[in-house]
Amino acid sequence: MDEDTDTWADLADQFADDAYASVKGRVRTYVMHRQLLEHLPATPAQVLDVGGGAGHQSFPLARAGYEVTLLEPSQSMLGKARERIERLPEEVRRRVTLVQADGEHAQEAVNGRQFDAVLCHGVIGYLEQPEPLLDQLCRCAAPGGVVSILAGNADAMAVRPALEQRWEDALEAFDARSEIGVLGVPVRADTVEELGGLLRDRGVEPLEWYGVWLFVDWLGFGGAELDPGDAKQLEAAARVEFEAARRDPYRRLSRVFHLLGRKGPS
Ligand SMILES: C[S@@+](CC[C@H](N)C(=O)[O-])C[C@H]1O[C@@H](n2cnc3c(N)ncnc32)[C@H](O)[C@@H]1O
């Protein structure tokens, strides 16, 4: 993808540096990593991270001993990933491979290789039609492999405008399926049930789903200043969010959800 067609070129700094440095970003990394470890096979296993951005979700897995292939179309995002790889210890760095391709061509880009886990976090919402990408995710998973998707929660669309006191928008948002997201670009939302059905149609049986964050997200929209430098508070908040993300009714109100499925034996 060259600079002219790379829609993520302008967002790379904002997403990779700013969003992940916030309390919300750190909580997301912590919560999703723990959720993933509940379902991933033991190391060493092969992980493909489709639309992996700067590697915030998959580099922690490489640190934990997984062999990670990060597939990403955006040159700018890959640049961010390379910068971050430089900061990894040598033995971890050796476990990370970068591939430039869009997710709709993932299978071809990895030469038909299949993986023990295929991640696709925060990507399908940016696509008008998720099906072609879902096809590829499910094909790239080995028999018995895990598919892990993070998507916007269509059942919680009124939360953000309400917390921002945009009441007219909030009223309309109850039935909305898209919004201008926090990065300032349009983003589509899905439901756990619909996405689970699309996975099942492709031979991947839904295993479990979680919320990601709730309280730190809501506090942020309500105007609270959360300090990512306060390690004690951050750790305490992350542990609360981890519990909320696995329980009803809290997980249902998270503005994003994390759905995991397992591919059948063939
Ligand atoms: C919000 S970022 C998420 C990055 C990473 N998955 C994470 O959770 O940190 C969205 C990413 O999707 C990538 N992307 C956009 N369209 C894509 C496509 N068709 N196939 C694969 N990745 C895509 C963007 O380049 C960007 O890196």
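The values are calculated or read from the model by the stated rules, or taken from the named source; none is laboratory data. All values derive from a computational prediction rather than experimental measurement. Please note: Cβ atoms are built from the backbone with ideal geometry, for glycine as well, and neighbour counts cover all protein chains shown.
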Exercise. Determine if the stretch 125-141 includes at least one residue that is buried (at least 23 other Cβ atoms within 10 Å of the Cβ) and either β-branched (Val, Ile, Thr) or at pLDDT below 95 (or both).
Key: no
Quiz item: Quick one: is PRO89 over 29 Å from GLY144 (Cβ atoms) and more than 8 Å from the ligand (Cβ to nearest atom)?
Solution: yes
Quiz item: In the stretch 132-146, how many residues are within 18 Å of ASP190 (Cα to Cα) and more than 17 Å from the chain's Cα centre (by Cα)?
Solution: 2
Quiz prompt | Wholly enclosed strands (runs of 3 or more DSSP E) of the stretch 71-178 bearing at least 1 residues of a type in the set (Phe, Trp, Tyr) | solution = 115-121
Exercise. Return the only residue of GLN136, GLN114, GLN107, GLN129 being within 10 Å of the ligand (Cβ to nearest atom) and among the polar types (S, T, N, Q).
Key: GLN136
Self-check item: Filter result for VAL47 (modelled with pLDDT of 95 or more, among the aliphatic types (A, V, I, L, M) and within 24 Å of VAL187 (Cβ to Cβ))
Solution: no
Exercise. Output the number of residues of the stretch 179-195 satisfying the condition of being in a helix (DSSP H, G or I) and within 16 Å of the chain's Cα centre (by Cα).
Key: 2
Quiz item: If a residue has to be within 12 Å of the ligand (Cβ to nearest atom), assigned to a loop (DSSP other than H, G, I, E, B) and not hydroxyl-bearing (Ser, Thr, Tyr) to count, how many in the stretch 42-70 make the cut?
Solution: 7
Quiz prompt | Residue in the stretch 8-61 that is surrounded by the fewest Cβ atoms within 10 Å (Cβ to Cβ), counting only those that are touching a residue at least 60 places away in the same chain (Cβ under 8 Å) and among the aromatic types (Phe, Trp, Tyr) | solution = TYR30
Quiz item: Do we find that LEU199 is closer than 30 Å to TYR66 by Cβ, away from the ligand (no atom under 15 Å from the Cβ), surrounded by fewer than 22 Cβ atoms within 10 Å (Cβ to Cβ) and modelled with pLDDT of 95 or more in this structure?
Solution: no
Quiz prompt | Single residue of ASP155, ASP175, ASP102, ASP169 found to be away from the ligand (no atom under 12 Å from the Cβ), touching a residue at least 40 places away in the same chain (Cβ under 8 Å) and either crowded, with 18+ Cβ neighbours inside 10 Å or of a type in the set (D, E, K, R) (or both) | solution = ASP155
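Is it the case, given these coordinates, that LEU234 is surrounded by 16 or more Cβ atoms within 10 Å (Cβ to Cβ) and modelled with pLDDT under 95? Please lay out each step first, then the result.
On the way: surrounded by 16 or more Cβ atoms within 10 Å (Cβ to Cβ): yes; modelled with pLDDT under 95: yes.
So LEU234 passes the test.
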Practice problem: Sort through ARG251, ARG262 and tell me the only one that's assigned to a helix (DSSP H, G or I), modelled with pLDDT of 95 or more, surrounded by 13 or more Cβ atoms within 10 Å (Cβ to Cβ) and touching a strand residue (DSSP E or B) at 6+ places or on another chain (Cβ under 6 Å). | Solution: ARG251
